[in-house]
Amino acid sequence: MLAIIVKRIGNAALVMLVVAFIAFMIFQFLGDPVQLMLNAQASQEERVALRLRLGLDQPVVMQFFSFVIRAVQGDFGISFRNQREVMSLIAERFPATFELVMVSTVLALAIGVPLGVFAAINPKNPAARIARMISMVGVSVPAFVIGIVLILVFSVQLGWLPAFGRGEVVQFGTWSTGLLTPSGRLALIMPATSLALFQISFIMRLVTAEMLEVLRTDYVKFARARGLPDRIVHFRHALRNCMMPVVTMTGMLIGDLIAFALVTETVFQWPGMGLLFVQAVMFIDIPVMAAYLMIVSVIFITLNTIVDFIYLAVDPRLRQTGTAGGANVR
Amino acid sequence: MKSFLKTSVACIAALTLTTFSAAAENVLKWGAQRDVVSLDPYSYGDTFTIAVLNHVYEGLVRYDDNLQIAPALATSWEVVSPTLWRFHLRQGVTFHDGAPFTADDVLASLTRVSDPASPLRGNLPAYQSAKKIDDFTVEVTTTPNYPLLLNDLTNIVIFDKEWLVANKAEAPTDVGKGVEGYATAHANGTGPFKVVSRKPDAETVFEVNKAWWDKPRHNIDKIVFTPITSAATRVAALLSGEIDFTNSAPLQDIPRLQASSDIKVLASNELRTVFFVFNRTDKTIASDITDKNPMNDIKVRQAMYQSIDIDALQKKVMRGLSRNTGSMVAPAIPGYVEALDSRLPYDPDAAKKLLAEAGYPNGFTFSFVCENDGYVNEEEICQAVSSMWARVGLKATLDVAPTSLQTAKFESGKFDVGILGWANEPMIDSYSILVQVVHSKTGTSGVFNWGGWKYPEVDALIDAAGKELDREKRLDFQSEALTKIKDDVAFLPLHQQPMAWATGSKVESLVQLTDNKPRHWLTKMK
């Protein structure tokens with residue numbers, strides 16, 4: 001167990017170094033933040049002086065190393081644009097994104113899995129066909145279109161839901177949540193739905209496909225032959241064996257969504273990390289972009305590790321090999 | 001019948017109650033296209049941030065309803081000598097935390113803004129030092145005969161010295177040092193509104209300052225400022241009544257907003273003039289003419305000018321909302337002359353003839369560098385103009401990218417034709433464009449002289465204007481400089497770009513000036 005953790009941390013450090021290096025290479029092509037930080041009235045000397053103070057005159061490799069050295073000490077600097085500490089900026093935004101992603105993931109699992117099972121068990125049922133058709137739309141229509149359509153219907157036409165923002169939030173130390181206030185919950189509905197629609201469709205299609213596969217296997221036939229009721233066959237024998245890819249994909253999707261909920265966040269002015277990143281890119285806010293990419297890689301690595309541990313829980317075979325100490329030998 | 005009466009009485013009571021409670025507090029919900037970067041007005045040379053923060057902080061002088069300079073925290077001033085200005089300060093003004101406003105506050109603020117690390121230093125180029133005479137008199141030393149100190153001071157807002165000292169914010173935040181400043185997230189000014197709370201990118205709440213020194217012309221109790229970056233969401237929020245005002249209504253949605261009975265659109269032209277600039281060095285950057293630079297021939301520049309169908313551009317690309325111009329500055333800018341506003345006529349045949357005379361009967365290719373996020377419909381403008389030029393044989397290789405990328409190309413002169421827009425802010429005087437854009441690159445002048453154009457006589461006129469305290473004489477110099485560059489077709493002006501605000505049903509009136517800055521201390525709500 002300890003060996004796995006040490007290996008994981010080593011991997012993580014390497015991945016993050018590579019990500020940081022690639023990021024700094026890309027920053028060189030983004031352009032010059034100094035132009036955006038000073039106004040039209042500033043003289044050439046002031047521009048040069050600011051560039052020097054920011055260390056932008058140094059070669060990329062030097063900029064990269066000084067970033068790594070400071071980052072190791074936990075210092076990510078302050079944002080060029082907001083002039084606030086990068087870590088506190090991100091810490092402030094993270095709860096908003098996390099809440100949005102978690103609610104939409106719960107929605108996706110709660111709706112996607114039962115729908116998928118239903119569609120697999122009753123493939124000819126008209127309701128299942130309709131669900132499959134709608135899921136097609138969910139996979140193919142971009143999130144911002146869904147967001148804007150939702151806003152037009154529920155904010156402009158019906159006036160039921162707010163078009164933007166997070167509503168009222170409750171603060172617990174550095175963490176903030178909108179789940180505890182009525183306006184916060186109302187504000188969450190549309191962004192979470194538009195974000196979840198893709199996940200729902202995706203998980204439903206995945207579960208259906210896997211179920212159809214598993215339902216054809218011998219042990220399901222034997223289970224039926226033993227006279228077990230359908231409910232037990234479907235949910236204990238079949239569904240459980242479909243869960244591996246679903247767990248993997250959900251884990252990856254959560255990572256994806258935390259990192260790239262930026263479209264939904266922009267449409268709904270959801271004050272999360274995605275919105276922060278979009279603005280950082282526009283202003284070439286190098287400290288924010290660099291720290292954000294670091295955090296995203298940490299999230300992905302952590303999620304991957306968690307997914308691995310969930311595997312152990314879901315698949316007893318892995319548990320046995322785990323205790324036996326062998327890697328993949330059976 | 002009785003029950004009917006009862007219900008109607010109850011209804012009326014309920015109605016009056018709601019109107020009463022609505023009248024009790026006037027909340028203006030403002031949806032902007034983006035957030036202010038900071039609560040510190042000295043943090044960033046950003047006109048929009050300063051415009052929003054002007055609700056909280058004030059300068060010694062300000063612009064009035066006609067963009068004329070008017071007293072604010074200073075009641076009067078005089079020029080003692082060519083290098084010395086004396087300001088008499090307003091008495092009885094207090095900051096939001098209750099501290100009195102005195103000469104020390106002015107000194108602390110001027111020191112802070114002229115700090116080497118201050119991004120706003122360039123806004124006060126002539127400032128040398130300041131001295132306190134008594135609690136309500138300050139003397140400012142400038143470079144000799146600098147005429148635009150008052151214009152510059154409109155944007156230099158005043159902090160409270162005690163507050164700065166108590167919070168260790170005497171110096172501006174230096175991004176290079178990587179340390180956060182207190183004033184970034186806190187504010188304490190003398191203005192008509194005070195900051196109650198701020199959540200970056202989500203919501204900033206301002207409350208009326210009941211102790212404001214000026215007689216309020218507004219009736220707002222609270223402003224809730226929310227950035228809504230997505231244009232479609234902003235429009236939806238306005239239509240659904242979630243916001244009462246936006247200072248950025250997307251041009252393409254104006255007809256739709258106007259169709260709604262509750263919404264009023266205020267569309268006009270702002271101060272910013274958009275124009276093309278030419279590479280005027282000896283060599284082209286990307287052209288099939290390599291031995292010389294055709295842009296140095298006035299006939300070529302005039303051909304480019306006359307092949308632009310400005311009316312088509314105005315109707316199709318700008319949706320009829322821009323103001324076609326032959327002038328490099330908007331009418332509201334001092335130094336503007338009406339005679340300069342006439343354009344060379346659109347005449348593709350004349351353009352072809354001019355090109356033939358210049359020795360390019362079949363035209364030539366050149367690079368055309370353009371941004372996609374700078375000015376209103378910028379990319380579309382460049383695409384349309386490229387195709388207009390193509391009709392007379394001028395083959396532009398259009399290079400479109402974000403400002404942050406293109407600026408590097410402009411600054412290093414890697415373009416044959418480029419685009420630039422100039423609002424003359426915060427100075428609101430044509431001296432701004434003349435010294436920053438038109439002047440050749442010498443000393444601190446000509447920062448935006450990207451193409452290396454050189455007009456020694458014009459430089460002399462600009463330098464003379466920069467040292468002329470007499471306003472009329474100075475403006476004569478500036479107008480003459482503008483005439484000379486127009487005669488040589490040094491630049492290719494297009495239009496003053498449109499601006500559009502929109503208000504919902506709760507706003508009764510507001511003041512929209514050509515500088516495109518919301519001033520809600522002049523806004524009336526119903």
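The values are calculated or read from the model by the stated rules, or taken from the named source; none is laboratory data. Treat the numbers as computed from the prediction; the structure is a model and nothing was measured. Cβ: placed from backbone, ideal geometry, glycine included. Neighbour counts: every protein chain shown. The area values use the complete protein model at the heavy-atom level, side chains included, leaving out ligands, DNA and RNA. Shrake-Rupley method; radii C 1.70, N 1.55, O 1.52, S 1.80 Å.
For the stretch B:279-289, the criterion of being within 14 Å of chain A (Cβ to nearest Cβ) and at pLDDT 90 or above is met by no residue.
Residues of the stretch A:149-193 that are of a type in the set (D, E, K, R) and touching a residue at least 24 places away in the same chain (Cβ under 8 Å): A:R166 alone.
Take the conditions within 27 Å of the chain's Cα centre (by Cα) and hydroxyl-bearing (S, T, Y) and apply them to B:T143. Does it pass? Yes.
Would you confirm whether or not the stretch A:266-282 contains a residue that is within 14 Å of A:V101 (Cα to Cα), surrounded by 15 or more Cβ atoms within 10 Å (Cβ to Cβ) and of a type in the set (S, T, Y)? Within the stretch A:266-282, none of the residues are within 14 Å of A:V101 (Cα to Cα), surrounded by 15 or more Cβ atoms within 10 Å (Cβ to Cβ) and of a type in the set (S, T, Y). Given the condition touching a Phe, Trp or Tyr at 6+ places or on another chain (Cβ under 7 Å), among the small types (G, A, S) and buried (at least 22 other Cβ atoms within 10 Å of the Cβ), answer yes or no: does some residue in the stretch B:90-98 qualify? Looking through the stretch B:90-98, none of the residues is touching a Phe, Trp or Tyr at 6+ places or on another chain (Cβ under 7 Å), among the small types (G, A, S) and buried (at least 22 other Cβ atoms within 10 Å of the Cβ). Scan the stretch A:66-86 for residues that are surrounded by fewer than 14 Cβ atoms within 10 Å (Cβ to Cβ) and either at pLDDT 80 or above or under 13 Å from A:L17 (Cα atoms) (or both) and the total you get is 4. Residues that are open to solvent by 20 Å² or more (accessible area, probe 1.4 Å), assigned to a helix (DSSP H, G or I) and hydroxyl-bearing (S, T, Y) are absent from the stretch A:162-176 altogether. Residues that are closer than 21 Å to A:T266 by Cβ and in a helix (DSSP H, G or I) are absent from the stretch A:124-137.
Restricting the first member to the stretch B:397-408 and to residues that are more than 8 Å from chain A (Cβ to nearest Cβ), and the second to residues that are assigned to a helix (DSSP H, G or I) and among the hydroxyl-bearing types (S, T, Y), the beta-carbon pairs closer than 9 Å and six or more apart or on different chains are B:T397/B:S386; B:L398/B:S386. Filtering the stretch B:119-142 to residues that are over 17 Å from B:P82 (Cβ atoms) and either more than 12 Å from every other protein chain (Cβ to nearest Cβ) or touching a Ser or Thr at 6+ places or on another chain (Cβ under 9 Å) (or both) leaves B:P119, B:L120, B:R121, B:G122, B:L124, B:K132, B:I133, B:D134, B:D135, B:F136, B:T137, B:V138.
Against the numbered list (1) at pLDDT below 85; (2) in contact with a helix residue (DSSP H, G or I) (Cβ under 8 Å, 6 or more places away or on another chain), A:M294 comes up short only at (1). For beta carbons closer than 8 Å, sequence separation of 6+ or different chains, a first residue in the stretch B:173-197 that is within 12 Å of another protein chain (Cβ to nearest Cβ) and touching a residue at least 40 places away in the same chain (Cβ under 8 Å) and a second that is part of a helix (DSSP H, G or I) and open to solvent by less than 10 Å² (accessible area, probe 1.4 Å), the qualifying pairs are B:T173/B:A183; B:T173/B:T184; B:A183/B:L164.
Yes/no matrix, rows are residues, columns are (1) under 20 Å from the mean Cα position of the chain (by Cα); (2) surrounded by fewer than 22 Cβ atoms within 10 Å (Cβ to Cβ); (3) among the hydrophobic types (A, V, I, L, M, F, W, C):
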| position | (1), (2), (3) |
| --- | --- |
| B:T226 | no, no, no |
| B:L239 | no, no, yes |
| B:R256 | no, yes, no |
| B:D262 | no, yes, no |
| B:E270 | yes, no, no |
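If only one of B:G191, B:G176 is surrounded by 23 or more Cβ atoms within 10 Å (Cβ to Cβ) and either in a loop (DSSP other than H, G, I, E, B) or not β-branched (V, I, T) (or both), which one is it? On inspection, the qualifying residue turns out to be B:G191. Exactly one residue out of B:E472, B:E380, B:E468 is in the same structural domain as B:L494 (by TED's automatic domain parsing) and crowded, with 17+ Cβ neighbours inside 10 Å, and it is B:E468. Screening B:L494 on (1) modelled with pLDDT of 95 or more; (2) within 17 Å of the chain's Cα centre (by Cα); (3) not small (G, A, S) shows it passes everything except condition (2). Which members of the stretch B:393-412 meet the condition of being outside any helix (DSSP H, G or I) and over 30 Å from B:D347 (Cβ atoms)? B:A401, B:P402, B:S412, listed by residue number. Consider the stretch A:12-34 and keep the residues that are in a helix (DSSP H, G or I) and open to solvent by less than 30 Å² (accessible area, probe 1.4 Å). The one that is farthest from the other protein chains (Cβ to nearest Cβ) is A:A12. Residue check: A:A209 meets all listed conditions (1) at pLDDT below 85; (2) hydrophobic (A, V, I, L, M, F, W, C); (3) open to solvent by 10 Å² or more (accessible area, probe 1.4 Å); (4) in a helix (DSSP H, G or I) but one, namely (1).
Within the stretch B:465-491, the set of residues being under 22 Å from the mean Cα position of the chain (by Cα), of a type in the set (G, A, S) and assigned to a helix (DSSP H, G or I) comprises just one member, B:S479.
If a residue must be more than 33 Å from the chain's Cα centre (by Cα) and open to solvent by 80 Å² or more (accessible area, probe 1.4 Å), how many such residues does the stretch B:280-300 contain? Total satisfying the criteria: 6.
Among the residues making up the stretch A:126-148, those that are within 14 Å of another protein chain (Cβ to nearest Cβ) and either touching a Leu at 6+ places or on another chain (Cβ under 8 Å) or free of Cβ contacts under 8 Å to residues at least 12 places away in the same chain (or both) are A:A143, A:V145, A:I146. When A:V72, A:V101, A:V113 are screened for being away from chain B (no Cβ under 14 Å) and either farther than 30 Å from A:I189 by Cα or polar (S, T, N, Q) (or both), only A:V72 passes. Of all residues in the stretch B:149-162, none are out of contact with any helix residue (DSSP H, G or I) (no Cβ under 7 Å at 6 or more places or on another chain), in a loop (DSSP other than H, G, I, E, B) and of a type in the set (D, E, K, R). Taken over the stretch A:35-65, the residue count meeting the criterion of being surrounded by fewer than 19 Cβ atoms within 10 Å (Cβ to Cβ), aliphatic (A, V, I, L, M) and either in a helix (DSSP H, G or I) or at the interface with chain B (Cβ under 8 Å from one of its Cβ atoms) (or both) is 6. The sole residue among B:I462, B:I433, B:I419 that is part of a helix (DSSP H, G or I), touching a residue at least 24 places away in the same chain (Cβ under 8 Å) and either open to solvent by 10 Å² or more (accessible area, probe 1.4 Å) or away from chain A (no Cβ under 14 Å) (or both) is B:I462. Of the residues that sit in the stretch B:438-452 and are touching a residue at least 40 places away in the same chain (Cβ under 8 Å) and more than 8 Å from every other protein chain (Cβ to nearest Cβ), which one is surrounded by the fewest Cβ atoms within 10 Å (Cβ to Cβ)? Per the criteria, the residue is B:G452.
Of all the listed residues (B:F206, B:F245, B:F276), the sole one being away from chain A (no Cβ under 14 Å) and either free of Cβ contacts under 8 Å to residues at least 12 places away in the same chain or under 30 Å from B:S367 (Cβ atoms) (or both) is B:F276.
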